[in-house]
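To keep things clear, I will list the structure first and then write my remarks on it.
The values are calculated or read from the model by the stated rules, or taken from the named source; none is laboratory data. Since this is a predicted model, take the numbers as computed values, not measurements. All Cβ positions, glycine included, derive from the backbone under ideal geometry; neighbour counts span all protein chains shown.
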Amino acid sequence: MAKHRIAWMPGDGVGHDVMDAARLVLDTMGFDAEYVPADIGWECWRREGDALPARTIDALRSADCALFGAITSKPRDEAEADLDPSLRGRGLVYTSPIVRLRQLFDLHTNLRPCRAYEGNPLNFRGPEASPVEGPIDIVVFRENTEGMYGGIEFHPVPQSVYDALCLNPKMKPWKDKGLENIALSTRIVSIQGCTSICRQAFEYAKATGRKRVTLVEKPNVLRETGGMMTRVFRKMAEDYKQFGIWADEANIDAICMWMFKNPQDYQVLVAENMFGDIVSDLCAGLVGGLGFAPSANMGDKYAVFEPTHGSAPKYAGQYKVNPIAMLLTVKMMFDWLGSGHAGGGAKEKDMAARLEAAIARVIKEGKVRTYDMGGKNTTLEVAKEIAKYAG
(Lines give C-alpha, C1' and ligand atoms only; values in the text may rest on other atoms or scores of the structure.)
Protein backbone atom coordinates (compact mmCIF):
# COMPACT_ATOMS: atom_id res chain seq x y z
CA MET A 1 0.00 0.00 0.00
CA ALA A 2 1.36 3.43 -1.01
CA LYS A 3 2.40 5.80 1.76
CA HIS A 4 0.55 8.81 0.34
CA ARG A 5 -2.67 9.41 -1.63
CA ILE A 6 -2.44 12.42 -3.95
CA ALA A 7 -5.50 13.81 -5.74
CA TRP A 8 -4.37 14.33 -9.34
CA MET A 9 -6.05 17.27 -11.14
CA PRO A 10 -4.49 18.25 -14.48
CA GLY A 11 -7.40 20.56 -15.29
CA ASP A 12 -7.30 22.28 -18.69
CA GLY A 13 -4.83 23.14 -21.42
CA VAL A 14 -1.17 22.95 -20.49
CA GLY A 15 -2.18 21.74 -17.05
CA HIS A 16 -1.93 18.25 -18.58
CA ASP A 17 1.52 18.98 -20.03
CA VAL A 18 3.07 20.20 -16.78
CA MET A 19 1.42 17.48 -14.73
CA ASP A 20 2.97 14.90 -17.06
CA ALA A 21 6.31 16.55 -16.32
CA ALA A 22 5.59 16.37 -12.60
CA ARG A 23 4.72 12.68 -12.79
CA LEU A 24 7.97 11.96 -14.64
CA VAL A 25 9.96 13.59 -11.84
CA LEU A 26 7.91 12.03 -9.04
CA ASP A 27 8.35 8.54 -10.48
CA THR A 28 12.08 9.02 -11.06
CA MET A 29 12.52 10.18 -7.48
CA GLY A 30 10.65 7.14 -6.20
CA PHE A 31 7.91 9.06 -4.41
CA ASP A 32 5.71 6.48 -2.70
CA ALA A 33 2.19 7.56 -3.69
CA GLU A 34 -1.10 6.53 -5.20
CA TYR A 35 -2.49 9.14 -7.58
CA VAL A 36 -6.26 9.58 -7.48
CA PRO A 37 -7.66 11.00 -10.76
CA ALA A 38 -9.94 14.00 -10.24
CA ASP A 39 -11.79 16.01 -12.91
CA ILE A 40 -11.82 19.80 -12.67
CA GLY A 41 -12.06 22.80 -14.96
CA TRP A 42 -13.59 24.11 -18.13
CA GLU A 43 -14.31 20.81 -19.86
CA CYS A 44 -16.31 19.71 -16.80
CA TRP A 45 -18.24 22.96 -17.00
CA ARG A 46 -18.97 22.53 -20.69
CA ARG A 47 -20.09 18.91 -20.41
CA GLU A 48 -21.76 18.93 -17.01
CA GLY A 49 -22.43 22.52 -16.00
CA ASP A 50 -20.15 22.16 -12.98
CA ALA A 51 -16.41 22.89 -13.02
CA LEU A 52 -15.98 21.10 -9.69
CA PRO A 53 -18.12 17.94 -9.74
CA ALA A 54 -19.14 16.23 -6.49
CA ARG A 55 -17.03 13.19 -7.41
CA THR A 56 -13.94 15.40 -7.44
CA ILE A 57 -14.71 16.75 -3.99
CA ASP A 58 -15.05 13.16 -2.78
CA ALA A 59 -11.71 12.27 -4.39
CA LEU A 60 -9.99 15.16 -2.65
CA ARG A 61 -11.46 14.18 0.69
CA SER A 62 -10.05 10.69 0.27
CA ALA A 63 -6.53 11.99 -0.41
CA ASP A 64 -3.75 13.45 1.74
CA CYS A 65 -3.43 16.52 -0.47
CA ALA A 66 -3.85 17.51 -4.12
CA LEU A 67 -1.72 18.51 -7.10
CA PHE A 68 -3.41 20.80 -9.61
CA GLY A 69 -2.31 21.85 -13.10
CA ALA A 70 -4.30 24.78 -14.51
CA ILE A 71 -7.81 25.79 -15.49
CA THR A 72 -9.43 27.92 -18.15
CA SER A 73 -11.84 30.56 -16.88
CA LYS A 74 -14.09 32.91 -18.89
CA PRO A 75 -16.64 35.69 -18.18
CA ARG A 76 -20.31 34.87 -17.58
CA ASP A 77 -21.63 35.32 -21.13
CA GLU A 78 -18.84 33.25 -22.67
CA ALA A 79 -19.32 30.57 -20.04
CA GLU A 80 -23.00 30.27 -20.95
CA ALA A 81 -22.18 30.11 -24.67
CA ASP A 82 -19.62 27.32 -24.11
CA LEU A 83 -22.08 25.04 -22.33
CA ASP A 84 -23.37 21.93 -24.06
CA PRO A 85 -26.60 23.00 -25.84
CA SER A 86 -28.64 20.71 -23.58
CA LEU A 87 -27.49 22.69 -20.53
CA ARG A 88 -28.05 26.24 -21.78
CA GLY A 89 -30.87 28.30 -20.38
CA ARG A 90 -31.01 26.43 -17.08
CA GLY A 91 -29.61 29.26 -15.02
CA LEU A 92 -26.29 27.53 -14.43
CA VAL A 93 -23.60 29.93 -13.20
CA TYR A 94 -19.87 29.32 -13.61
CA THR A 95 -17.79 29.88 -10.49
CA SER A 96 -14.05 29.37 -10.20
CA PRO A 97 -13.42 25.81 -8.99
CA ILE A 98 -10.16 26.74 -7.29
CA VAL A 99 -11.90 29.52 -5.33
CA ARG A 100 -14.58 27.00 -4.32
CA LEU A 101 -11.91 24.52 -3.24
CA ARG A 102 -10.19 27.14 -1.11
CA GLN A 103 -13.41 27.93 0.70
CA LEU A 104 -14.76 24.38 0.89
CA PHE A 105 -11.57 23.02 2.50
CA ASP A 106 -10.80 26.27 4.36
CA LEU A 107 -7.46 26.65 2.60
CA HIS A 108 -6.96 29.99 4.28
CA THR A 109 -3.35 30.59 3.24
CA ASN A 110 -1.91 30.98 -0.22
CA LEU A 111 1.87 30.75 -0.04
CA ARG A 112 3.83 32.00 -3.04
CA PRO A 113 7.64 31.95 -2.94
CA CYS A 114 9.45 33.92 -5.64
CA ARG A 115 13.19 33.27 -5.87
CA ALA A 116 15.70 34.28 -8.53
CA TYR A 117 17.81 31.23 -9.40
CA GLU A 118 21.35 31.82 -10.57
CA GLY A 119 21.76 31.64 -14.33
CA ASN A 120 18.14 32.31 -15.23
CA PRO A 121 18.29 34.67 -18.24
CA LEU A 122 14.84 36.00 -17.33
CA ASN A 123 15.82 37.28 -13.90
CA PHE A 124 15.10 40.96 -13.32
CA ARG A 125 17.95 43.17 -14.43
CA GLY A 126 18.09 46.76 -13.23
CA PRO A 127 20.29 49.24 -11.38
CA GLU A 128 19.41 47.67 -8.00
CA ALA A 129 19.78 44.02 -9.06
CA SER A 130 23.45 43.69 -8.22
CA PRO A 131 25.33 40.63 -6.91
CA VAL A 132 26.34 42.63 -3.84
CA GLU A 133 22.73 42.84 -2.66
CA GLY A 134 22.04 39.18 -3.33
CA PRO A 135 19.28 37.50 -5.32
CA ILE A 136 15.59 38.31 -5.11
CA ASP A 137 13.99 35.96 -2.60
CA ILE A 138 10.47 36.99 -1.59
CA VAL A 139 7.66 34.97 -0.01
CA VAL A 140 4.08 36.19 -0.31
CA PHE A 141 1.42 35.25 2.25
CA ARG A 142 -1.98 35.84 0.66
CA GLU A 143 -5.23 35.45 2.61
CA ASN A 144 -7.08 32.91 0.52
CA THR A 145 -10.78 32.74 1.46
CA GLU A 146 -11.96 36.30 2.16
CA GLY A 147 -11.47 39.75 0.70
CA MET A 148 -12.28 40.73 -2.86
CA TYR A 149 -12.38 37.10 -4.00
CA GLY A 150 -15.00 36.02 -1.49
CA GLY A 151 -17.44 35.50 -4.37
CA ILE A 152 -20.34 37.56 -2.97
CA GLU A 153 -21.49 39.49 -6.03
CA PHE A 154 -24.71 40.78 -7.55
CA HIS A 155 -25.89 41.78 -11.01
CA PRO A 156 -28.39 43.27 -11.15
CA VAL A 157 -28.44 44.53 -7.58
CA PRO A 158 -31.58 43.33 -5.73
CA GLN A 159 -33.72 46.01 -4.10
CA SER A 160 -33.18 44.40 -0.68
CA VAL A 161 -29.40 44.59 -1.07
CA TYR A 162 -29.62 48.20 -2.22
CA ASP A 163 -31.83 49.09 0.73
CA ALA A 164 -29.39 47.50 3.17
CA LEU A 165 -26.45 49.32 1.63
CA CYS A 166 -28.31 52.61 1.97
CA LEU A 167 -27.45 52.47 5.67
CA ASN A 168 -24.43 54.23 4.23
CA PRO A 169 -25.76 57.40 2.53
CA LYS A 170 -23.04 57.22 -0.11
CA MET A 171 -24.98 54.37 -1.73
CA LYS A 172 -28.17 56.31 -2.45
CA PRO A 173 -27.05 58.10 -5.66
CA TRP A 174 -26.43 54.74 -7.39
CA LYS A 175 -30.19 54.19 -7.71
CA ASP A 176 -30.35 56.98 -10.28
CA LYS A 177 -28.37 54.75 -12.62
CA GLY A 178 -30.97 51.99 -12.33
CA LEU A 179 -30.38 48.95 -10.16
CA GLU A 180 -30.50 46.77 -13.27
CA ASN A 181 -27.42 48.64 -14.51
CA ILE A 182 -25.33 48.11 -11.40
CA ALA A 183 -22.90 45.27 -10.68
CA LEU A 184 -21.64 44.83 -7.13
CA SER A 185 -18.62 42.90 -5.84
CA THR A 186 -17.86 42.83 -2.14
CA ARG A 187 -14.65 42.96 -0.11
CA ILE A 188 -15.31 41.28 3.21
CA VAL A 189 -12.59 40.60 5.77
CA SER A 190 -12.70 39.37 9.34
CA ILE A 191 -10.55 39.80 12.42
CA GLN A 192 -10.01 36.03 12.31
CA GLY A 193 -8.85 36.01 8.69
CA CYS A 194 -6.57 39.02 9.13
CA THR A 195 -5.07 37.58 12.30
CA SER A 196 -4.44 34.18 10.75
CA ILE A 197 -2.59 35.41 7.67
CA CYS A 198 -0.53 37.99 9.57
CA ARG A 199 0.41 35.46 12.23
CA GLN A 200 1.62 32.99 9.61
CA ALA A 201 3.72 35.63 7.87
CA PHE A 202 5.44 36.63 11.11
CA GLU A 203 5.91 33.03 12.23
CA TYR A 204 7.48 32.17 8.89
CA ALA A 205 9.87 35.10 9.17
CA LYS A 206 10.78 34.02 12.69
CA ALA A 207 11.34 30.38 11.68
CA THR A 208 13.44 31.19 8.60
CA GLY A 209 15.50 34.06 9.98
CA ARG A 210 13.94 36.70 7.74
CA LYS A 211 13.97 40.16 9.29
CA ARG A 212 11.35 42.13 7.37
CA VAL A 213 7.60 41.60 7.01
CA THR A 214 5.69 44.07 4.84
CA LEU A 215 1.92 44.54 4.80
CA VAL A 216 0.47 45.33 1.35
CA GLU A 217 -2.83 47.21 1.72
CA LYS A 218 -4.72 50.41 0.85
CA PRO A 219 -6.17 51.68 4.16
CA ASN A 220 -6.15 55.34 3.13
CA VAL A 221 -9.00 54.55 0.69
CA LEU A 222 -10.39 51.20 1.87
CA ARG A 223 -10.70 52.55 5.37
CA GLU A 224 -12.76 49.79 6.98
CA THR A 225 -11.39 46.61 5.39
CA GLY A 226 -7.88 47.91 4.86
CA GLY A 227 -8.03 49.58 8.23
CA MET A 228 -8.91 46.31 9.97
CA MET A 229 -6.00 44.46 8.34
CA THR A 230 -3.63 47.29 9.22
CA ARG A 231 -4.69 47.43 12.86
CA VAL A 232 -4.25 43.66 13.24
CA PHE A 233 -0.84 43.81 11.56
CA ARG A 234 0.43 46.67 13.71
CA LYS A 235 -0.68 45.06 16.95
CA MET A 236 0.91 41.74 16.00
CA ALA A 237 4.14 43.41 14.90
CA GLU A 238 4.73 44.47 18.50
CA ASP A 239 4.93 40.81 19.53
CA TYR A 240 7.73 40.09 17.05
CA LYS A 241 10.04 43.02 17.72
CA GLN A 242 11.84 40.86 20.27
CA PHE A 243 12.91 38.58 17.40
CA GLY A 244 14.45 41.44 15.46
CA ILE A 245 11.70 41.48 12.82
CA TRP A 246 11.02 44.84 11.24
CA ALA A 247 7.38 45.34 10.23
CA ASP A 248 6.44 47.99 7.69
CA GLU A 249 3.51 48.84 5.42
CA ALA A 250 3.09 49.79 1.77
CA ASN A 251 0.06 50.69 -0.33
CA ILE A 252 -0.59 48.25 -3.17
CA ASP A 253 0.11 50.88 -5.82
CA ALA A 254 3.29 52.17 -4.17
CA ILE A 255 4.81 48.74 -3.64
CA CYS A 256 4.50 48.00 -7.35
CA MET A 257 6.98 50.83 -7.87
CA TRP A 258 9.25 50.05 -4.92
CA MET A 259 9.55 46.36 -5.73
CA PHE A 260 10.50 47.17 -9.30
CA LYS A 261 13.06 49.67 -8.05
CA ASN A 262 14.46 47.81 -5.02
CA PRO A 263 13.27 44.19 -5.13
CA GLN A 264 16.04 42.84 -2.88
CA ASP A 265 14.76 44.98 -0.01
CA TYR A 266 11.70 42.77 0.53
CA GLN A 267 11.56 39.38 2.22
CA VAL A 268 8.02 38.52 3.40
CA LEU A 269 4.87 40.18 2.08
CA VAL A 270 1.40 39.71 3.55
CA ALA A 271 -1.85 40.79 1.93
CA GLU A 272 -5.56 40.14 1.54
CA ASN A 273 -6.78 38.02 -1.36
CA MET A 274 -6.77 40.31 -4.40
CA PHE A 275 -3.78 42.43 -3.37
CA GLY A 276 -1.85 39.22 -2.68
CA ASP A 277 -2.74 37.97 -6.15
CA ILE A 278 -1.52 41.18 -7.74
CA VAL A 279 1.74 41.54 -5.84
CA SER A 280 2.69 37.87 -6.22
CA ASP A 281 2.47 38.17 -10.00
CA LEU A 282 4.74 41.18 -9.81
CA CYS A 283 7.16 39.10 -7.74
CA ALA A 284 6.99 36.35 -10.36
CA GLY A 285 7.89 38.85 -13.06
CA LEU A 286 11.05 39.75 -11.17
CA VAL A 287 12.27 36.14 -11.14
CA GLY A 288 11.47 35.06 -14.68
CA GLY A 289 7.69 35.06 -15.00
CA LEU A 290 4.89 32.68 -14.16
CA GLY A 291 6.95 29.76 -15.45
CA PHE A 292 8.90 30.02 -12.18
CA ALA A 293 6.02 30.75 -9.80
CA PRO A 294 4.69 27.91 -7.61
CA SER A 295 2.05 28.16 -4.92
CA ALA A 296 0.37 26.25 -2.12
CA ASN A 297 -3.21 26.62 -0.88
CA MET A 298 -2.98 25.48 2.73
CA GLY A 299 -5.41 24.91 5.55
CA ASP A 300 -4.84 23.46 8.97
CA LYS A 301 -5.03 19.85 7.75
CA TYR A 302 -5.25 19.92 3.94
CA ALA A 303 -3.48 21.55 1.01
CA VAL A 304 -3.83 21.95 -2.76
CA PHE A 305 -0.64 22.71 -4.67
CA GLU A 306 -0.69 24.55 -8.02
CA PRO A 307 1.57 26.59 -10.28
CA THR A 308 0.22 30.10 -10.67
CA HIS A 309 0.22 30.17 -14.47
CA GLY A 310 -2.92 29.70 -16.54
CA SER A 311 -3.99 26.99 -18.96
CA ALA A 312 -2.58 28.62 -22.17
CA PRO A 313 -4.97 26.70 -24.47
CA LYS A 314 -3.02 27.55 -27.63
CA TYR A 315 -0.05 25.56 -26.32
CA ALA A 316 -2.01 22.59 -24.98
CA GLY A 317 -0.52 19.25 -25.92
CA GLN A 318 2.57 20.76 -27.53
CA TYR A 319 4.78 20.20 -24.46
CA LYS A 320 6.25 23.61 -25.07
CA VAL A 321 5.72 25.43 -21.79
CA ASN A 322 8.14 25.72 -18.89
CA PRO A 323 7.51 23.01 -16.24
CA ILE A 324 9.65 24.61 -13.54
CA ALA A 325 6.73 26.34 -11.76
CA MET A 326 5.00 22.95 -11.56
CA LEU A 327 8.12 21.22 -10.29
CA LEU A 328 8.70 23.90 -7.66
CA THR A 329 5.08 23.30 -6.69
CA VAL A 330 5.91 19.62 -6.20
CA LYS A 331 8.81 20.74 -4.01
CA MET A 332 6.33 22.69 -1.89
CA MET A 333 4.19 19.56 -1.56
CA PHE A 334 7.24 17.63 -0.34
CA ASP A 335 7.92 20.40 2.21
CA TRP A 336 4.34 20.27 3.48
CA LEU A 337 4.39 16.49 3.82
CA GLY A 338 7.84 16.67 5.39
CA SER A 339 6.60 19.02 8.09
CA GLY A 340 4.54 16.16 9.50
CA HIS A 341 1.33 16.24 7.48
CA ALA A 342 -0.18 12.92 6.36
CA GLY A 343 2.53 10.90 8.04
CA GLY A 344 5.39 12.58 6.20
CA GLY A 345 8.76 13.43 7.68
CA ALA A 346 12.47 13.49 7.00
CA LYS A 347 12.26 11.53 3.74
CA GLU A 348 9.92 14.03 2.13
CA LYS A 349 11.99 16.94 3.43
CA ASP A 350 15.03 15.39 1.78
CA MET A 351 13.13 14.97 -1.48
CA ALA A 352 12.18 18.66 -1.38
CA ALA A 353 15.83 19.68 -0.96
CA ARG A 354 17.00 17.34 -3.72
CA LEU A 355 14.37 18.55 -6.15
CA GLU A 356 15.07 22.23 -5.60
CA ALA A 357 18.83 21.61 -5.91
CA ALA A 358 18.24 19.81 -9.21
CA ILE A 359 16.05 22.63 -10.53
CA ALA A 360 18.67 25.21 -9.54
CA ARG A 361 21.41 23.16 -11.21
CA VAL A 362 19.56 22.81 -14.51
CA ILE A 363 18.76 26.52 -14.57
CA LYS A 364 22.37 27.46 -13.82
CA GLU A 365 23.85 25.05 -16.39
CA GLY A 366 21.54 26.44 -19.06
CA LYS A 367 21.95 23.44 -21.35
CA VAL A 368 18.30 22.41 -21.36
CA ARG A 369 15.75 25.22 -21.62
CA THR A 370 12.22 25.81 -22.87
CA TYR A 371 11.44 28.51 -25.42
CA ASP A 372 10.72 31.25 -22.83
CA MET A 373 14.32 30.95 -21.60
CA GLY A 374 15.71 31.11 -25.11
CA GLY A 375 15.99 27.35 -25.58
CA LYS A 376 14.42 24.75 -27.84
CA ASN A 377 13.71 21.92 -25.42
CA THR A 378 10.31 20.51 -24.61
CA THR A 379 8.49 20.44 -21.31
CA LEU A 380 9.35 16.78 -20.82
CA GLU A 381 13.00 17.20 -21.82
CA VAL A 382 13.44 19.81 -19.10
CA ALA A 383 11.67 17.52 -16.65
CA LYS A 384 13.93 14.60 -17.58
CA GLU A 385 17.04 16.73 -17.04
CA ILE A 386 15.83 17.81 -13.61
CA ALA A 387 14.81 14.25 -12.73
CA LYS A 388 18.29 13.03 -13.66
CA TYR A 389 19.81 15.12 -10.88
CA ALA A 390 16.95 14.82 -8.39
CA GLY A 391 16.59 11.04 -8.62
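Considering Val161, Val139, which residue is more than 30 Å from Gln267 (Cα to Cα) and not assigned by TED's automatic domain parsing to the domain that holds Asp20? Let's see the steps before the verdict.
On the way: Val139 fails: more than 30 Å from Gln267 (Cα to Cα).
The conditions single out Val161.
How many residues does segment 197-253 hold that are assigned to a loop (DSSP other than H, G, I, E, B) and among the small types (Gly, Ala, Ser)? Please lay out each step first, then the result.
So the first thing to find is which residues in segment 197-253 are assigned to a loop (DSSP other than H, G, I, E, B), and the list is 209-211, 218-224, 244-245.
Restricting the remaining residues to those that are among the small types (Gly, Ala, Ser) gives 209, 244.
Of the residues in that region, 2 qualify.
Within segment 62-108, can you find the residues that are among the small types (Gly, Ala, Ser) and under 21 Å from Ser311 (Cα atoms)? Don't jump to the end; show me each part of the working.
Residues of segment 62-108 among the small types (Gly, Ala, Ser): 62-63, 66, 69-70, 73, 79, 81, 86, 89, 91, 96.
Within segment 62-108, Ala66, Gly69, Ala70, Ser73, Ala79, Ala81, Ser96 qualify.
Answer yes or no as to whether Ala383 is under 22 Å from Pro135 (Cα atoms) and either surrounded by 24 or more Cβ atoms within 10 Å (Cβ to Cβ) or of a type in the set (Gly, Ala, Ser) (or both). Please lay out each step first, then the result.
On the way: under 22 Å from Pro135 (Cα atoms): no; either surrounded by 24 or more Cβ atoms within 10 Å (Cβ to Cβ) or of a type in the set (Gly, Ala, Ser) (or both): yes.
No: the conditions fail for Ala383.
Which condition does Lys74 not pass, out of (1) outside any helix (DSSP H, G or I); (2) surrounded by 18 or more Cβ atoms within 10 Å (Cβ to Cβ), if it passes all the others?
Exception for Lys74: condition (2).
Return yes when Phe275 is assigned to a helix (DSSP H, G or I) and either more than 24 Å from Gly150 (Cβ to Cβ) or at pLDDT 95 or above (or both) and no when it is not. Even if it seems obvious, please write down each step before you answer.
Numbers: assigned to a helix (DSSP H, G or I): yes; either more than 24 Å from Gly150 (Cβ to Cβ) or at pLDDT 95 or above (or both): yes.
Against the criterion (assigned to a helix (DSSP H, G or I) and either more than 24 Å from Gly150 (Cβ to Cβ) or at pLDDT 95 or above (or both)), Phe275 qualifies.
Under the condition of being buried (at least 17 other Cβ atoms within 10 Å of the Cβ) and out of contact with any Pro (no Cβ under 7 Å at 6 or more places or on another chain), which residue from segment 1-11 is farthest from Leu87 (Cα to Cα)?
Here is the first cut: in segment 1-11, the residues buried (at least 17 other Cβ atoms within 10 Å of the Cβ) are 4-11.
Keeping just the survivors that are out of contact with any Pro (no Cβ under 7 Å at 6 or more places or on another chain) gives 4-7, 9-11.
Details: His4: 38, Arg5: 34, Ile6: 32, Ala7: 28, Met9: 24, Pro10: 24, Gly11: 21 Å.
The qualifying residue farthest from Leu87 (Cα to Cα) is His4.
Those residues that are crowded, with 21+ Cβ neighbours inside 10 Å and not aliphatic (A, V, I, L, M), I need them from segment 226-236; list them, please. Walk me through it before giving the result.
So the first thing to find is which residues in segment 226-236 are crowded, with 21+ Cβ neighbours inside 10 Å, and the list is 226, 229, 232-233.
Hits for segment 226-236 are Gly226, Phe233.
Taking the options Ser196, Ser190, name whichever one is free of Cβ contacts under 8 Å to residues at least 60 places away in the same chain, out of contact with any helix residue (DSSP H, G or I) (no Cβ under 7 Å at 6 or more places or on another chain), of a type in the set (Ser, Thr, Tyr) and under 17 Å from Glu146 (Cα atoms). Don't jump to the end; show me each part of the working.
Details: Ser196 fails: free of Cβ contacts under 8 Å to residues at least 60 places away in the same chain.
That would be Ser190, the only listed residue that is free of Cβ contacts under 8 Å to residues at least 60 places away in the same chain, out of contact with any helix residue (DSSP H, G or I) (no Cβ under 7 Å at 6 or more places or on another chain), of a type in the set (Ser, Thr, Tyr) and under 17 Å from Glu146 (Cα atoms).
Quick check on this structure: which one of Asp39, Asp32 is among the acidic types (Asp, Glu), surrounded by fewer than 21 Cβ atoms within 10 Å (Cβ to Cβ) and under 20 Å from the mean Cα position of the chain (by Cα)?
Numbers: Asp32 fails: under 20 Å from the mean Cα position of the chain (by Cα).
Asp39 is the lone residue from the list that is among the acidic types (Asp, Glu), surrounded by fewer than 21 Cβ atoms within 10 Å (Cβ to Cβ) and under 20 Å from the mean Cα position of the chain (by Cα).
Scan segment 288-306 residue by residue and report those that are of a type in the set (A, V, I, L, M, F, W, C), within 25 Å of Glu118 (Cα to Cα), out of contact with any Pro (no Cβ under 8 Å at 6 or more places or on another chain) and surrounded by fewer than 24 Cβ atoms within 10 Å (Cβ to Cβ).
First pass over segment 288-306, keeping only residues of a type in the set (A, V, I, L, M, F, W, C): 290, 292-293, 296, 298, 303-305.
Of the ones still in play, those that are also within 25 Å of Glu118 (Cα to Cα) are 290, 292-293, 296, 305.
Restricting the remaining residues to those that are out of contact with any Pro (no Cβ under 8 Å at 6 or more places or on another chain) gives 292, 296.
If the condition is that a residue be of a type in the set (A, V, I, L, M, F, W, C), within 25 Å of Glu118 (Cα to Cα), out of contact with any Pro (no Cβ under 8 Å at 6 or more places or on another chain) and surrounded by fewer than 24 Cβ atoms within 10 Å (Cβ to Cβ), then Ala296 is the only one that fits.
Name, by its number, the condition in (1) within 17 Å of Leu92 (Cβ to Cβ); (2) surrounded by 19 or more Cβ atoms within 10 Å (Cβ to Cβ); (3) of a type outside the set (Asp, Glu) that does not hold for Pro53.
Failing condition for Pro53: (2).
Take Met257 and tell me if it is without any contact (Cβ under 8 Å) to a residue 40 or more places away in the chain, farther than 30 Å from Tyr35 by Cα, assigned to a helix (DSSP H, G or I) and not polar (S, T, N, Q). Steps first, answer last, please.
Values: without any contact (Cβ under 8 Å) to a residue 40 or more places away in the chain: yes; farther than 30 Å from Tyr35 by Cα: yes; assigned to a helix (DSSP H, G or I): yes; not polar (S, T, N, Q): yes.
It is true that Met257 is without any contact (Cβ under 8 Å) to a residue 40 or more places away in the chain, farther than 30 Å from Tyr35 by Cα, assigned to a helix (DSSP H, G or I) and not polar (S, T, N, Q).
For (1) surrounded by fewer than 10 Cβ atoms within 10 Å (Cβ to Cβ); (2) closer than 30 Å to Gly299 by Cα; (3) within 33 Å of the chain's Cα centre (by Cα), each residue gets a yes or a no:
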site: Glu153; (1), (2), (3): no, yes, yes
site: Pro156; (1), (2), (3): no, no, yes
site: Gln159; (1), (2), (3): no, no, no
site: Asp163; (1), (2), (3): no, no, no
site: Ile182; (1), (2), (3): no, no, yes
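(1) touching a residue at least 40 places away in the same chain (Cβ under 8 Å); (2) within 21 Å of Ala271 (Cα to Cα): which one isn't true of Ser185, the others all being true?
Of the numbered conditions (1) touching a residue at least 40 places away in the same chain (Cβ under 8 Å); (2) within 21 Å of Ala271 (Cα to Cα), the odd one out for Ser185 is (1).
Taking segment 100-124, which residues are part of a helix (DSSP H, G or I) and surrounded by fewer than 18 Cβ atoms within 10 Å (Cβ to Cβ)? Break it down into steps so the answer makes sense when it comes.
Let us first name the residues in segment 100-124 that are part of a helix (DSSP H, G or I), namely 100-104.
Hits for segment 100-124 are Arg100, Gln103, Leu104.
If a residue must be within 23 Å of Lys241 (Cα to Cα) and either touching a residue at least 40 places away in the same chain (Cβ under 8 Å) or not assigned by TED's automatic domain parsing to the domain that holds Gln264 (or both), how many such residues does segment 209-225 contain?
Summing the residues that are within 23 Å of Lys241 (Cα to Cα) and either touching a residue at least 40 places away in the same chain (Cβ under 8 Å) or not assigned by TED's automatic domain parsing to the domain that holds Gln264 (or both) in segment 209-225 gives 8.
So which residues in segment 346-370 are surrounded by fewer than 16 Cβ atoms within 10 Å (Cβ to Cβ) and either in contact (Cβ under 8 Å) with a residue 60 or more places away in the chain or over 16 Å from Met29 (Cβ atoms) (or both), if there are any at all?
Residues satisfying the conditions are Lys364, Glu365, Gly366, Lys367.
For segment 326-367, how many residues are assigned to a loop (DSSP other than H, G, I, E, B) and more than 15 Å from Phe292 (Cβ to Cβ)? I'd like the intermediate steps shown before the answer.
Applying the first criterion (assigned to a loop (DSSP other than H, G, I, E, B)) to segment 326-367 yields 339-340, 344-345, 366-367.
Checking which are more than 15 Å from Phe292 (Cβ to Cβ) leaves us with 339-340, 344-345, 367.
Final tally of qualifying residues: 5.
Only residues that are hydroxyl-bearing (Ser, Thr, Tyr) and closer than 14 Å to Tyr266 by Cα: list them for segment 209-248, please.
Initial filter on segment 209-248 (hydroxyl-bearing (Ser, Thr, Tyr)): 214, 225, 230, 240.
Of everything in segment 209-248, just one residue is hydroxyl-bearing (Ser, Thr, Tyr) and closer than 14 Å to Tyr266 by Cα, namely Thr214.
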